Structures are given as structure tokens and as C-alpha cells.
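Written below as C-alpha cells is the structure these notes are about.
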Amino acid sequence: MTDIGGWDEATPLDTVPGIVESIPEKPVPVSELEATVDTEQFYPLPERVQRLYEPVIDTLHEDFVDEGNFNQMKLRPHSLDGTDFAYGTTTFFNNYATNLTPDYDLFNSRSARELFHSEVFRPDDSLRPLTGSESTKLPYIAASAGMIIGRDGKAVFPIRSRDVIIEGLNLGLSFGGSWDLDKVSADGIDGQIESELSEERKLVADHPIDIHYIGTLRRLELLGKPDCFLIGVVDGVPDWKVSSSEETGIVVEQVIPEDVTVDGIETVLAHADTVTRRVRRLINESAYPPGVGLLYWLYLLNCIAENIDETSRDS
């Protein structure tokens, strides 16, 4: 389990319930990430899971539709090797029914979290890999989330609405979303991420953004679902606004010193300690608890910064 450490008693979460799947030695521009999609490799609900869900599947599907969701084809992470990502496919509903609603009562008031333990963990309680003979067969969907920082050193933190599937009424990262099969197949990973930014922050058309990948974590609170995390630097000073029905408000915070111009990802990494300290302070002062994704991001930011510091010392 990862641990970002050093939180005082006012901090809602002091550990990050995740396991690192992959961290690059240094941030990778999203334009350099490659996606290989095998459309013949479809991940349905495993047979045992289907049997457990049979009594409640109609009700669960009604909830899925009532929340405004659409059953699109999504990418299912297959393997992560450096900057080369391989995917099969699954549907949004398959993922909703397992990883996104892990505490739904299925059998004798027992939840997916309890009943699917053997689907997520090996007998020795280590996390099952994404592929191979001992892999989990759960229909995870690929997703990414990240923080966006302007040239003035300010970042935006949305407060997610009560009705979103995960992290409702939490202080979250600047943007995020699941990856669509059609979008990634047509425009690549960078096209998918630009689409998220355009939809959630309305930024791509107005300001160029330099976006980098900083790692992937398996989210234990979502039964081991792997998510990618990103840092984006805006070439400009955006007029941050609530831009989605999935947000009830935003908080704009000075995460990098006011006298520093953020020229790129290097500036963010050079001030990683300050970013972490100021985000911690924001969390402690907020009426809303932090989304777990925000804590994952802080952990990976510090890992990347430490990797670069060690490389610089050794060179």
C-alpha cells in the first residue's frame, strides 16, 4: 500500500489505498504514449460474477441509466510496458456493476467487495496482475485523471457533485474520465485526454496545454482498477469556472509560489514539496474530504520528483 505520510490529525486520509502498477523514470508527454487495442479480446462479467449478480442485475441497470450513464464500449487495460499500453475491450456497464459499485449488496447483505476477494487477490493476498494465468478477469476500464496548473502557479480543484459514480462531494483533481474505444482508436491516447480537457475544463481551444504521464496506480477501493495520472501545464492564465454538471463548485489554489512563472513540467517538479504542502493545507481547511485520486496524484508527483533528484545526483 502506498503511503504519502506526514499528514496531521485533521487530514481525512493518511494513506493511499493503492498499489503502484507503473511509474516512469521521468514524466512522459502523452503524445509519446502508444495504445495497442485488441478488439477481439472482450472482457465480459466473469461467469461466477454473473451468477452472483443475476438477482439484482435489472435493478442495477436501472440505477445505471437513472444516473445518466450510457453503455459505451470502453478499453480494458491488458498490460502496461513503459510507454506502450495494450488494451482489450469491455462495456461501461460491466465496469459499473463491479469496480464502480463495489459496496452494492449482492447476497445476504454481502457486497462485491467481500464476494469478489478471490477475483482481485491471489491466495497469499497479493494483488492479481492484469494479464497472465493468475490475472484478474474483472472488466476494468481504462481511465486517467490529472491536475492542471496555469502559468501563474494556480490550480483548479473541482468539488464533485453528489450524483457522480465515485468521489461524490469530494475535493478532486482538475479533470478525469474513462477512455472510449472509438476515441482512442481514432485519435490515440493524447486525443482522448484532449477530449477530456475540452469537455471538463474548456481549455484546449483557448490555451495550449503541455500534458505528461506520471504513473499508474491500482485502486484498491475500486477492487484493483488501474488508473493513469497526469500533470498538465497551461500556456496562459485560465479563467477557471465550473464547467460540468458533475461539479458543484471549484476551488482555485496557489500551489506554486506567486513569484514563479510556470514555464513547463520542470517548474512543477522543482516545486513538488511546495505543491504537496499547499495541497495538504487546502485539504485540511476544506469542508470536503479529498478524493482518493487527489492523494494518488500527490504520491506519484513526489515519486517522480525524487526519481529526478536521484538521477541528477548520480549524473
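For the reader, a short list of remarks on this structure follows.
- Grouping the Cα pair distances of segment 117-190 into 5 Å bins from zero gives a pair-distance distribution of 3, 12, 14, 13, 15, 19, 13, 6, 3, 1, 0 percent in increasing distance order.
- Simple point charges give the picture: +1 on the Cβ of Lys and Arg, -1 on the Cβ of Asp and Glu, and for segment 178-247 a dipole about the Cα centre of about 300 debye.
- In summary, the convex hull built on the alpha carbon positions of segment 62-134 has an orientation-averaged projected area of 6.6 nm².
- Label reach from Arg162 (point 7 Å along Cα→C-beta): in segment 237-256, amide nitrogens under 14 Å belong to 247-249.
- Of the Cα atoms belonging to segment 232-315, the radius of gyration and Dmax stand at 14.6, 48 Å.
- Over the chain: helical MRE at 222 nm, DSSP H runs n ≥ 4 each giving -39500 (n - 2.57), nearest 500: -9000 deg cm²/dmol
- Degrees between helix 181-200 axis and first principal axis of the chain (Cα, 0 to 90, nearest 10): 50 degrees
- Probing with 1.4 Å while keeping every protein chain in the model, the per residue accessible area of the chain equals 46 Å².
- The simple spin-label model puts a point 7 Å past each Cα toward its Cβ; for Ser244 and Glu25 those points are separated by 3.4 nm.
- Rel. contact order, % - alpha carbon contacts under 8 angstrom, at least six apart, segment 51-159: 23 percent
- Share of carbon and sulfur in the accessible heavy-atom surface of segment 53-105 [1.4 Å probe, %]: 48 percent
- Cα-centre dipole for the chain with unit charges at Cβ (Lys and Arg positive, Asp and Glu negative), debye to 20: 500 debye
- Label-point gap, in nm, between Thr39 and Asp105 - each point 7 angstrom along Cα→Cβ: 4.2 nm
- Solvent-accessible surface (1.4 angstrom probe) belonging to Arg110, in square angstrom, nearest 10: 100 Å²
- Relative intensity, log₁₀ I(q)/I(0), of segment 67-189 from a Debye sum that treats every alpha carbon as a point, q = 0.13, 0.17 Å⁻¹: -0.69, -1.10
- Longest DSSP-loop-exposure-free segment, GluC sites (Glu not before Pro), the chain, at most 15 other Cβ within 10 Å: 135-257
- The chain: relative contact order as a whole-number percent, Cα under 8 Å and 6+ apart: 23 percent
- Calculated P(r) of the chain - Cα pairs past 28 Å, %: 39 percent
- In loop segments of segment 141-222 as defined by DSSP, the trypsin sites (Lys or Arg not before Pro) with at most 10 further C-beta atoms inside 10 Å of their C-beta are Arg162.
- For segment 14-50, the residues whose backbone nitrogen is under 19 Å from a point 7 Å from the Cα of Glu134, taken along Cα to Cβ, are 19-22.
- Nearest-10 value in Å² for the accessible area of Cys303, using the 1.4 Å probe: 20 Å²
- Solvent-accessible surface of protein heavy atoms, probed at 1.4 angstrom with all chains present, puts Ser198, Ser244, Ser144 in the order Ser198, Ser244, Ser144, largest first.
- Pairs of lysines in the chain (C-alpha under 26 Å apart; 8 or more residues apart or interchain): 14
The values are calculated or read from the model by the stated rules, or taken from the named source; none is laboratory data. These numbers come from a predicted model, not from an experiment. With ideal geometry, Cβ positions are generated from the backbone for all residues, glycine too; neighbour counts draw on all protein chains shown. We work out accessible area using only protein heavy atoms, side chains counted, and drop any ligands, DNA or RNA first. Shrake-Rupley method; radii C 1.70, N 1.55, O 1.52, S 1.80 Å.
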